[in-house]
1. Find all pairs meeting these conditions: Cβ atoms under 7 angstrom apart; at least six residues apart or on different chains; first residue within region 309-333 and polar (S, T, N, Q); second residue crowded, with 22+ Cβ neighbours inside 10 Å.
2. With respect to residue 361, determine if the residue is more than 22 Å from residue 174 (Cβ to Cβ) and either touching a residue at least 24 places away in the same chain (Cβ under 8 Å) or touching a helix residue (DSSP H, G or I) at 6+ places or on another chain (Cβ under 7 Å) (or both).
3. Could you list, in sequence order, the residues of region 157-194 that are over 29 Å from residue 319 (Cα atoms) and loosely packed, with under 13 Cβ neighbours inside 10 Å?
4. So which of 15, 7 ends up being crowded, with 24+ Cβ neighbours inside 10 Å, in contact (Cβ under 8 Å) with a residue 60 or more places away in the chain and either within 20 Å of the chain's Cα centre (by Cα) or outside the structural domain of residue 358 (by TED's automatic domain parsing) (or both)?
5. Under the condition of being among the small types (Gly, Ala, Ser) and touching a helix residue (DSSP H, G or I) at 6+ places or on another chain (Cβ under 7 Å), which residue from region 24-42 is nearest to residue 1 (Cα to Cα)?
6. Listed residues 46, 76; which is in contact with a Leu (Cβ under 6 Å, 6 or more places away or on another chain) and assigned to a loop (DSSP other than H, G, I, E, B)?
7. Return the total of residues in region 347-366 being at pLDDT below 95 and outside any helix (DSSP H, G or I).
Amino acid sequence: MTRSFQIAVFEGDGIGPEIMVPTVEILRALAAQSDAYTFDFRRLPAGAAHYANTGESLPQLALEYAGQADAILLSAMGLPDVRYPDGTEISPQIELRKKFNLFAGVRPVRIPPGGLTPLKLPDNKGVDFVLIRESTEGLFHSQAAGTVTEDDATETLRITRKTSEDVFNFAFQLAKDRKSQGRGPGRVTCVDKANVFRAFAFFRSIFDGIAKSHPDLAADHAYVDATALWMVQKPWDFDVLVTENMFGDILSDLGAGLMGGLGLAPSADIGHHQAVFQPCHGSAPDIAGEGKANPFAMILSAAMMLDWLGTKHDVPAMRADANALQAAVDQQVATRQTVTPDLGGTATTAEAGAAIQTMVAPVEAVA
């Protein structure tokens with residue numbers, strides 16, 4: 001039986017459309033060589049450029065279609081010279097997270113053999129952990145609604161039991177899945193600042209309660225400042241980390257740095273019914289249109305989408321194709337054969353994308 005999936009596509013700003021093109025082409029090619037699934041892509045308007053032209057950052061019709069789609073593929077959003085009247089960035093991705101309650105921000109940190117990490121890893125140590133960032137509350141709760149006077153400014157950090165339970169359950173399930181795949185020991189670490197803030201002591205207490213329902217998995221705690229240190233000193237010790245929104249935002253960029261840069265950092269924001277897949281990096285308008293943009297983070301985000309859809313709908317072929325995409329990117333980075341300038345190569349965006357497509361879905365296979 002062939003399953004058909006509707007994918008909402010937001011091409012974004014700056015380099016966003018450039019990295020989306022090869023990503024969609026790869027997904028089409030993978031589907032064309034499979035008898036298990038097909039895709040119906042629909043491009044939708046959103047972003048800073050759209051806001052500058054229309055006064056809307058995320059049109060209602062686009063939002064409604066995205067909610068009905070099987071998954072959302074979203075490219076880099078935002079432009080430095082386009083802001084809301086209060087000076088904040090145009091961020092449709094945050095609006096999507098809140099609208100669809102995408103509480104689990106999934107940020108993988110992998111350093112495969114031959115990776116571009118600035119770390120000097122011991123020969124017998126690999127790095128493969130996942131940072132789960134609660135994506136709807138925390139210090140982002142009062143986004144664009146904080147109070148500012150001439151003399152002070154206040155933002156509100158909010159942590160609720162319901163959302164915390166959701167994200168902790170997600171983290172423990174992920175640790176269980178990783179353990180079954182031989183990718184981790186089955187351990188979840190709650191990253192907080194419970195020694196200073198009552199809100200984080202509350203956060204930790206909820207975590208401990210959820211941990212009791214997973215006796216087959218290990219659970220521990222770490223303060224966020226110590227975690228930042230250990231991510232540099234001994235990142236191989238981690239399995240699944242779960243933390244608050246702002247802490248997760250910061251640590252995920254540190255994780256990207258460990259992998260060799262944001263150009264290799266994919267992400268997903270996942271809820272009970274919907275999910276958004278997008279690269280961690282920004283829109284880089286300074287190189288837009290020059291063919292220099294690295295498409296790998298966008299392609300890896302698409303691989304995460306394949307894995308999520310394949311798991312949710314029990315389509316093993318999609319999970320296999322997700323693994324093939326990840327392996328293809330790993331190989332290109334390790335060999336530096338066809339990579340963009342940020343990775344030390346000379347390939348264009350299109351050439352880097354085409355190299356991945358040739359590896360996972362050669363033309364003769366889909367003709």
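1. Close Cβ pairs satisfying both conditions: 326/300; 326/303; 332/339; 332/356.
2. On the way: more than 22 Å from residue 174 (Cβ to Cβ): yes; either touching a residue at least 24 places away in the same chain (Cβ under 8 Å) or touching a helix residue (DSSP H, G or I) at 6+ places or on another chain (Cβ under 7 Å) (or both): yes.
It is true that residue 361 is more than 22 Å from residue 174 (Cβ to Cβ) and either touching a residue at least 24 places away in the same chain (Cβ under 8 Å) or touching a helix residue (DSSP H, G or I) at 6+ places or on another chain (Cβ under 7 Å) (or both).
3. Going residue by residue through region 157-194, those that are over 29 Å from residue 319 (Cα atoms) are 157-162, 191-194.
Of everything in region 157-194, those that are over 29 Å from residue 319 (Cα atoms) and loosely packed, with under 13 Cβ neighbours inside 10 Å turn out to be 161, 162.
4. From the options 15, 7, the qualifying one is 15.
5. Residue satisfying both the conditions and the ranking: 36.
6. 46
7. Summing the residues that are at pLDDT below 95 and outside any helix (DSSP H, G or I) in region 347-366 gives 2.
One line per residue, one yes/no per condition, for (1) of a type in the set (S, T, N, Q); (2) under 28 Å from residue 340 (Cα atoms); (3) assigned to a strand (DSSP E or B); (4) modelled with pLDDT under 90:
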{"site": "86", "(1), (2), (3), (4)": "no, no, no, yes"}
{"site": "115", "(1), (2), (3), (4)": "no, yes, no, yes"}
{"site": "118", "(1), (2), (3), (4)": "no, yes, no, no"}
{"site": "125", "(1), (2), (3), (4)": "no, yes, no, yes"}
{"site": "131", "(1), (2), (3), (4)": "no, yes, yes, no"}
{"site": "143", "(1), (2), (3), (4)": "yes, no, no, yes"}
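The values are calculated or read from the model by the stated rules, or taken from the named source; none is laboratory data. In this text, all values refer to a predicted model and were calculated from it rather than measured experimentally. Every residue, glycine among them, receives a Cβ derived from its backbone with ideal geometry; neighbour counts consider all protein chains shown.
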